[in-house]
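Working notes, structure below.
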Amino acid sequence: MTKSEYKVIGVMSGTSLDGVDLVLVNFFKDVFWDFEIVYAETIKYSQKWYDILKSLVTFKLEKLHEIDNDYTEYLGNIIKDFIVKNRIDHIDAVCSHGHTALHQPEKQLTYQIGNKSSLAKILNEKVVCDFRVQDVILGGQGAPLVPVGDELLFSEYDFCLNLGGFANISMDLNNERIAYDICPVNIVLNYYVNSVGLEYDDKGQLASTGKLNISLLNQLNSLEFYKETYPKSLGLEWVNQNVIPLINSFNLDIKDILKTVIEHIGIQISSEINKKNKSSVLITGGGVYNDYLVNRIKHYSQGRIVIPSKSIIEFKEALIFAFLGVLKLRNEVNCLQSVTGASKNHSSGKIYLP
């Protein structure tokens, strides 16, 4: 008989490099799924690992394999500490996203480090991980994977919008779930803020003092990606090739760059939200704390913006990767062809035993 309750740890590391997000979640299945986040914590990266992860796209494959071994051990120790600190005595599995090193689905290539079988041995726990590779093999983008959780855990909202390294959105359209990346967010904002010695632009205060550069804004809005139809996804490589060189060519003050990029983000996000009238939009991710950014989204948007509890804002992706692991354990669909463009719906991920 299939279980109706699961206790799992979800682990997520995103492109904004805030750190490793960990959650202990209880999931309950009656007619619908429900959940309770018991513990949640973000472990900041050491400077060494921050620098390595920021430069992953520059390494050759052989070097990435070496980093993968080290990162898996590093991640395992972080998860072990989380288990000990919170006195967690029994779990069904650790469900981990790992950290994206390469994402080039058009070449049938996606590689997340930290998903090796050794993780299960380090933890002495069942591990469910490596959720993207199978989808890419099946012709999909391998991203975004969160929409299954949006559909089953947050169905009361018209849109689920995440403001992380990238903005991505999911919704129901013609009785099927669709989702896609909209534009870069923190991956660009933090890049420029870091250059003046700040970790992030607190509440968007620096951006709010800048001047809008209309020429740069128009060129950002004219990037080819925005004309493409879903399914579509973005990676750091695309940002480094298309966005950073364009912005740098204008030689602007940092505050002017931030203001212009945020205006660009607000326009791109609202153009998606405004496709439905009187919509409700759940916003999560670190970008929620950038008041200036959220206000620009509200300025352009006709939807009702809903900001949830702190634990959902900060840990929704870790929560949903925990949920993807549960679905994999049940051999149920956790990857939607309507979202990724794969040849079929499927149950993605690998299960490793200690």
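Going by accessible surface with a 1.4 Å probe and the largest first, 259, 3 read 3, 259.
Probe radius 1.4 Å, ligands and nucleic acids ignored: give me the carbon and sulfur share of the accessible area of segment 10-159 as a rounded percent. Please list the in-between numbers first.
On the way: 3320 of 6810 Å².
The C+S portion of the solvent-accessible surface of segment 10-159 is 49 percent.
Of the solvent-accessible surface of segment 232-324, computed with a 1.4 Å probe and all protein chains present, 47% belongs to carbon and sulfur. Distance from the alpha carbon centroid of segment 339-353 to that of segment 270-295 works out to 29 angstrom.
Calculate, for the chain, the solvent-accessible area per residue in square angstrom, rolling a 1.4 angstrom probe over the heavy atoms of the protein chains.
Details: 15660 Å² over 354 residues.
Ligands and nucleic acids excluded, the result is 44 Å² per residue.
Within the chain, the percentage of alpha carbon pairs spaced more than 37 angstrom apart rounds to 14%.
For 132, 304, give the ranking by accessible area with the largest first, probe 1.4 Å.
Details: 132 30, 304 145 Å².
So, going from the largest accessible area down, we get 304, 132.
Annotation for segment 38-101 versus segment 108-148: alpha-carbon center distance of 13 Å. Take the residue pairs 63/107; 44/80; 227/278 and return only those whose Cα atoms are more than 22 Å apart. Among 63/107; 44/80; 227/278, the Cα-Cα distance tops 22 Å for 227/278.
Along the chain, counting only GluC sites (Glu not before Pro) with a DSSP assignment other than H, G, I, E or B and at most 11 other Cβ atoms inside a 10 Å radius, the longest segment between sites is 1-155. Over segment 41-87, the pair-distance histogram of Cα-Cα distances with 10 Å bins from zero comes to 23, 48, 22, 6 percent, rounded to whole numbers. Within the shell defined by Cβ-Cβ distances under 12 Å, the residues around residue 23 carry a net charge of -3, with Lys and Arg each +1 and Asp and Glu each -1.
For residue 311, what charge total do you get from the other residues with a beta carbon under 14 Å from its beta carbon, if Lys and Arg give +1 and Asp and Glu give -1? Please list the in-between numbers first.
Details: positive: 310, 316; negative: 21, 36, 41, 314, 317.
Charge balance in the 14 Å sphere: -3.
The values are calculated or read from the model by the stated rules, or taken from the named source; none is laboratory data. All values derive from a computational prediction rather than experimental measurement. In this analysis, Cβ positions are derived from the backbone assuming ideal geometry, glycine residues included, and neighbour counts consider all displayed protein chains. We work out accessible area using only protein heavy atoms, side chains counted, and drop any ligands, DNA or RNA first. Shrake-Rupley method; radii C 1.70, N 1.55, O 1.52, S 1.80 Å.
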